[in-house]
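The values are calculated or read from the model by the stated rules, or taken from the named source; none is laboratory data. Everything numeric here is computed off the predicted structure, so don't read it as measured data. Cβ sites come from the backbone with ideal geometry, for glycine too, and all protein chains shown count toward neighbours. To get the accessible areas, we keep the full protein, side chains included, count just its heavy atoms, and leave off ligands, DNA and RNA. Shrake-Rupley method; radii C 1.70, N 1.55, O 1.52, S 1.80 Å.
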There are 2 protein chains.
Amino acid sequence: MNQTTEQLLSHYSVRAFLDKPLSKDQIRLLVESAQAASTSNFVQAYSIIGVSDPKIRKELAGIAGGMSYVEKTGQFFVFVADLNRNKEIAESKNENPASLETTEKMLVAIIDAALAAQNMAVAAESMGLGICYIGGIRNDIKRVSELLKIPEHAIPLFGITIGYPEQNSAPKPRMPYQLVYHENEYQTKETALYEAYDEIISDYYTNRTGGARNETWTEQIALGMKKPTRLDIKAFIEAQKLGLK
Amino acid sequence: MNQTTEQLLSHYSVRAFLDKPLSKDQIRLLVESAQAASTSNFVQAYSIIGVSDPKIRKELAGIAGGMSYVEKTGQFFVFVADLNRNKEIAESKNENPASLETTEKMLVAIIDAALAAQNMAVAAESMGLGICYIGGIRNDIKRVSELLKIPEHAIPLFGITIGYPEQNSAPKPRMPYQLVYHENEYQTKETALYEAYDEIISDYYTNRTGGARNETWTEQIALGMKKPTRLDIKAFIEAQKLGLK
């Protein structure tokens with residue numbers, strides 16, 4: 001175990017920040033750390049939008065479900081899978097970007113954006129900052145795109161709020177690694193492994209809430225799979241002209 | 001700048017490894033570091049398949065385009081966006097996983113998998129290992145899924161080869177951060193920024209290849225957008241019953 005793996009294993013999401021903006025230098029280091037992540041065939045097919053405008057933050061916080069830590073934070077970043085840049089470059093050279101609307105290129109852009117985001121998260125925590133991913137911007141992906149003036153061939157995937165933490169916490173226990181890791185082929189895992197993990201998570205909630213919550217992980221998952229949500233995303237992506245082929 | 005951001009900014013892909021397998025402890029630390037990444041609503045919707053079997057590695061290396069560093073490496077990992085686990089959990093509790101085939105859930109699984117992968121990459125480099133992402137497994141995503149026995153409701157996204165580096169290299173210069181970073185809304189960027197970057201990349205190739213290559217970044221991008229590739233991926237994902245709604 002070294003300092004970096006120790007940091008990775010100590011990660012927890014922060015949901016309360018000081019009202020203190022990040023400096024330009026901090027933002028630049030975060031963005032450049034994000035950019036240093038691997039990128040498929042060097043396409044760098046993503047954009048990062050830093051939202052400092054309080055009006056936009058307020059509306060994003062509302063869309064995400066009334067999250068104050070989108071408004072009161074160091075900086076709020078939105079990660080965008082971005083093939084518009086590539087399209088414009090191709091067209092400026094009179095090339096037809098024929099691969100633009102393929103599912104392959106969309107996957108590349110989404111994965112590129114996510115790898116960059118996680119590098120930013122790791123960089124932020126190494127700088128003593130706290131982070132929380134905000135998937136809740138997908139509650140109204142169309143309005144978010146209007147607000148941030150996202151062009152066609154680009155998708156705002158998620159936000160990350162980064163700032164000076166006003167709270168400390170501790171990592172939430174992940175699945176035993178044997179449930180995630182498979183050797184040479186995908187394996188059905190033993191029920192006993194899930195049962196042991198369920199106990200850990202139930203205890204975790206019991207301790208954190210003084211008994212107000214005590215559900216198991218598998219209960220949480222079963223519940224989460226019941227209700228389809230964000231059913232506009234498929235049509236939104238098609239309207240952005242991505243993943244059509 | 002601290003040790004972690006220094007490491008992030010020093011990243012380069014390694015494409016030649018010693019023929020020395022990673023230990024079980026190393027693999028476990030890599031997987032647990034991956035798992036420590038943020039996960040949407042705590043769903044942990046991914047699996048990691050470690051491929052040590054030389055026959056499977058050989059076929060994967062062939063699919064990826066004859067990449068020896070998929071075969072000769074410390075360990076080869078395939079990251080899988082995995083909603084099959086959630087489906088099985090829901091069904092074991094007699095719940096209907098009605099959200100299973102939504103585009104939203106597919107995005108969650110893809111992003112979860114990518115965040116985990118980047119944590120693994122960062123952990124590996126902190127341990128003195130080298131890494132290279134292998135998107136080339138998507139050259140024949142159907143065959144890869146057969147080989148690794150990937151069930152429905154799961155997608156093998158990419159591989160990562162991790163091992164003891166047999167080469168040193170240096171980071172490939174990313175776009176100036178102003179091209180990636182936007183303030184409050186998506187902005188069209190100045191041509192001069194691209195031109196300056198093109199010069200950097202052309203010089204980079206010239207120096208590395210003794211003049212054999214000297215293309216600019218925008219030339220590379222325009223070329224890469226011309227030819228649609230991997231046109232089977234859309235149908236594959238549909239056959240896996242993901243992103244249908």
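For this structure, a couple of remarks:
- Whichever residue in segment A:156-196 is crowded, with 16+ Cβ neighbours inside 10 Å and among the aliphatic types (A, V, I, L, M) and, among such residues, is farthest from the chain's Cα centre (by Cα): A:Leu179
- When A:Glu95, A:Glu91, A:Glu104 are checked against the criterion of being more than 8 Å from chain B (Cβ to nearest Cβ), free of Cβ contacts under 8 Å to residues at least 60 places away in the same chain and of a type in the set (Asp, Glu), a single residue qualifies: A:Glu91.
- Residue match in segment B:8-25 (condition: open to solvent by 20 Å² or more (accessible area, probe 1.4 Å), closer than 21 Å to B:Gly136 by Cα, hydroxyl-bearing (Ser, Thr, Tyr) and not in a helix (DSSP H, G or I)): yes
- Residue check for B:Ile89: part of a helix (DSSP H, G or I), modelled with pLDDT of 95 or more and in contact with a Leu (Cβ under 9 Å, 6 or more places away or on another chain): no
- Scope segment A:41-60; condition within 8 Å of chain B (Cβ to nearest Cβ) and either more than 15 Å from B:Pro171 (Cα to Cα) or not in a helix (DSSP H, G or I) (or both); matching residues: A:Val43, A:Gln44, A:Tyr46, A:Ser47, A:Ile48, A:Ile49, A:Gly50, A:Val51, A:Ser52, A:Asp53, A:Ile56
- B:Arg57 satisfies every condition listed in (1) out of contact with any Leu (no Cβ under 6 Å at 6 or more places or on another chain); (2) open to solvent by less than 60 Å² (accessible area, probe 1.4 Å); (3) closer than 30 Å to A:Gly136 by Cβ except (3).
- Apart from one condition, B:Asp232 fits all of (1) closer than 23 Å to A:Phe79 by Cβ; (2) within 21 Å of the chain's Cα centre (by Cα); (3) charged (D, E, K, R); the exception is (1).
- Of all residue pairs spaced 6 or more apart or on separate chains, those with beta-carbon atoms under 7 Å, a first member in segment A:30-41 that is of a type in the set (Val, Ile, Thr) and a second member that is at pLDDT 95 or above and open to solvent by 10 Å² or more (accessible area, probe 1.4 Å) are A:Val31/B:Tyr177; A:Val31/B:Tyr181.
- Of the residues making up segment B:116-127, just one is surrounded by fewer than 23 Cβ atoms within 10 Å (Cβ to Cβ) and in contact with a strand residue (DSSP E or B) (Cβ under 8 Å, 6 or more places away or on another chain), namely B:Glu125.
- Flag for B:Val80 being part of a strand (DSSP E or B) and either closer than 26 Å to A:Thr191 by Cα or more than 7 Å from chain A (Cβ to nearest Cβ) (or both): yes
- Top-ranked residue in segment A:168-192 [being among the aliphatic types (A, V, I, L, M) and more than 25 Å from B:Leu147 (Cα to Cα); ranked as nearest to the other protein chains (Cβ to nearest Cβ)]: A:Met175
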